[in-house]
Amino acid sequence: MKQIKQYENEKVLVLGLAKSGFSAAKLLNDLGALVTVNDGKPFEENPEAQGLLEQGVRVITGHHPIELLDEDFSLMVKNPGIPYDNPLVAKAEELHIPILTEVELAYQVAECPIVGITGTNGKTTTTTMIGLLLNQERKTGKAHLAGNIGFPASEVASKATADDDIVMELSSFQLMGIKSFEPQIAVITNIYEAHLDYHKTRENYVAAKWAIQQNMTADDYLVLNWNSTELQELSTQTGAQIVPFSTNEKLDNGAYLSDGQVCFKKEKIMAASDLGVPGAHNIENALAAIAVAKLKGISNEGIRKALSNFHGVPHRTQYVDTINGRKFYNDSKATNSLATEMALSGFDNDRLILLAGGLDRGNEFDELIPSLEGVKAVILFGETKDKLADTARRAGIQTVILTANVETAVPLAYEQSEDGDSILLSPANASWDQYPNFEIRGDKFMHAVKQLEK
């Protein structure tokens with residue numbers, strides 16, 4: 001870790017805890033800052049606040065007193081999930097107090113190169129693939145996963161050595177709080193419309209994603225999804241070297257799919273069918289990861305070995321089990337229609353039973369109809385089950401079954417299946433009507449699958 005001096009005796013407010021806030025506060029404290037932590041959760045229910053207090057950090061919990069900003073802070077480090085219209089954040093902006101997120105701190109102390117990955121869909125899978133690839137033939141150091149994937153960036157950066165790499169998944173929320181952040185390689189997997197409740201407009205959302213490259217130079221590489229005309233147009237607005245990837249066209253200067261082969265700069269790497277995860281979207285993810293691997297000097301053999309043995313990230317088209325010839329896949333992370341469309345693209349619809357449903361956000365599901373055509377059966381649950389049932393029938397699906405939840409959906413799906421079928425949980429909805437998060441929903445699915453074996 002670089003022993004930077006810029007925070008010594010500086011008054012810093014860390015707003016919001018959880019993993020990233022805790023790590024940021026600890027790092028700043030270690031760097032000699034005068035840290036105040038403010039978190040909305042009551043102290044007695046707040047183990048992170050309790051731990052920081054034991055380390056001598058000033059902690060204010062249970063509310064967000066606006067008068068805190070009378071204390072002449074030189075910096076605010078904000079939890080990414082806290083919106084900029086939060087009264088304390090808005091007041092800090094009014095007072096011209098710099099507002100960062102924890103990934104900026106990570107960059108400032110990191111001794112090693114950073115590979116940053118952002119996008120609407122595929123971030124976690126692509127990040128995981130890149131981590132595996134960069135560790136495949138490594139003789140010294142290690143590629144560490146960090147950021148939005150669940151490992152606080154500042155904690156990882158404080159422990160990484162100069163021989164390492166940090167492979168960092170970055171959300172739009174995190175990227176709004178960077179200042180000098182400059183990855184050696186950045187990846188944008190795709191950009192669709194998302195998080196408008198936070199960003200207000202699509203333009204703001206795209207700008208947040210595009211910020212990943214704002215400090216990059218001609219010494220850096222920006223890996224872009226060339227299937228997107230929007231990203232092609234944006235590519236003229238960066239100082240970095242562009243490395244494109246595409247499933248639609250051959251690219252002399254990037255990664256592409258041609259005649260079923262995954263290629264890089266006219267060189268065949270592996271058959272797309274040998275990838276360990278199904279779906280057209282995972283071919284895109286693999287192309288992005290391969291571009292990074294080739295830039296980092298990984299051999300074709302190393303790439304083939306890593307990606308053929310990679311069977312997915314938990315809850316993202318994750319292979320679960322085969323029971324009496326039926327393959328089960330957990331794609332609980334599919335919390336919108338687009339993610340489910342992408343998952344469906346990797347399966348033979350007439351041998352597929354889909355489990356879907358969840359929180360009703362007021363949207364319809366017309367966009368799913370083309371992807372649903374030919375699906376053998378759908379088992380639906382949650383607040384949106386009636387809407388989805390109507391969509392499924394309009395797609396021509398004959399077998400449409402409504403049930404209570406994921407746990408009851410699994411045995412019903414099994415009853416409708418036969419040897420050679422796939423059973424896919426890809427809800428197309430958030431989980432919050434019935435489950436605290438998509439991970440628990442996916443865990444419930446996998447447990448129900450295991451029960452079938454008894």
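All of the numbers you see were taken from the coordinates with simple rules; none came from a lab. None of these values were measured; they are calculated from a predicted model. Methodologically, a virtual Cβ is constructed for each residue, glycine included, from the backbone with ideal geometry; neighbour enumeration extends over all protein chains shown.
Brief remarks on what is shown
- What the Kirkwood sum gives for the range 103-309 is a hydrodynamic radius of 16.9 Å, with every pair of different alpha carbons counted.
- Long-range amide H partners of ASP321 with built H, under 5 Å: PHE328
- Placed amide H near ARG58: partners under 5 Å, 5+ positions off or other chain: VAL35, VAL37
- Computed over neighbours whose Cβ is under 11 Å from that of ASP39, the net charge equals -1, Lys and Arg +1, Asp and Glu -1.
- Pairs from the list LYS266/LYS327; LYS139/LYS179; LYS2/LYS78 with a Cα-Cα gap above 27 Å: LYS266/LYS327; LYS139/LYS179.
- When all alpha carbon pairs of the range 11-100 are counted in 10 Å bins from zero, the resulting P(r) reads 18, 57, 25, 1 %.
- Of the GluC sites (Glu not before Pro) in the range 330-427, the ones in a loop by DSSP (not H, G, I, E or B) with at most 15 other beta carbons within 10 Å are GLU364, GLU373, GLU418.
- Low-density loop cleavage sites - GluC sites (Glu not before Pro) in the range 68-152, where at most 14 other Cβ are within 10 Å (DSSP): GLU111
- Phi angles of the range 89-94 translate, via the Karplus equation with coefficients 6.51, -1.76, 1.60 and θ = phi - 60°, into HN-Hα couplings of 5, 4, 5, 5, 4, 4 Hz per residue; Gly and Pro are given as x.
- Of all DSSP beta bridges in the range 318-452, antiparallel share, percent nearest 5: 25 percent
- Reciprocal of mean inverse Cα separation for the chain (Kirkwood radius, Å): 23.3 Å
- Here the Karplus curve 6.51 cos²θ - 1.76 cosθ + 1.60, taken at θ = phi - 60°, turns the phi angles of the range 360-375 into couplings of 8, 9, x, 8, 9, 10, 4, 5, 7, 3, x, 6, 7, 4, x, 4 Hz, with x standing for Gly and Pro.
- Helix-only mean residue ellipticity at 222 nm for the chain, each DSSP H run of n ≥ 4 adding -39500 (n - 2.57), per residue, nearest 500: -9500 deg cm²/dmol
- The trypsin sites (Lys or Arg not before Pro) of the range 75-155 that DSSP puts in a loop, and whose beta carbon has at most 12 other beta carbons within 10 Å, are LYS139.
- A simple count of charges around TRP226, restricted to other residues whose Cβ falls under 13 Å of its Cβ and scoring Lys, Arg +1 and Asp, Glu -1, yields -4.
- In this structure, the amide hydrogen of LYS11, modeled 1.01 Å from its nitrogen in the peptide plane, lies closer than 5 angstrom to those of LEU34, SER74, counting only residues at least 5 positions away or on a different chain.
- Inverse of mean 1/r across different Cα pairs in the range 218-348, Kirkwood, Å: 15.7 Å
- Note on the chain: antiparallel DSSP beta bridges, both residues inside, total approximately 20 percent of the bridges counted.
- Centre-to-centre, using Cα atoms only, the range 296-363 and the range 75-91 are separated by 35 Å.
- Using θ = phi - 60° in the Karplus curve 6.51 cos²θ - 1.76 cosθ + 1.60, the 3J(HN,Hα) couplings for the range 256-271 round to 7, 9, 9, 6, x, 10, 8, 10, 9, 6, 6, 9, 6, 9, 6, 6 Hz; x is entered for Gly and Pro.
- Counting DSSP beta bridges with both ends in the range 103-309, the antiparallel % (nearest 5): 25 percent
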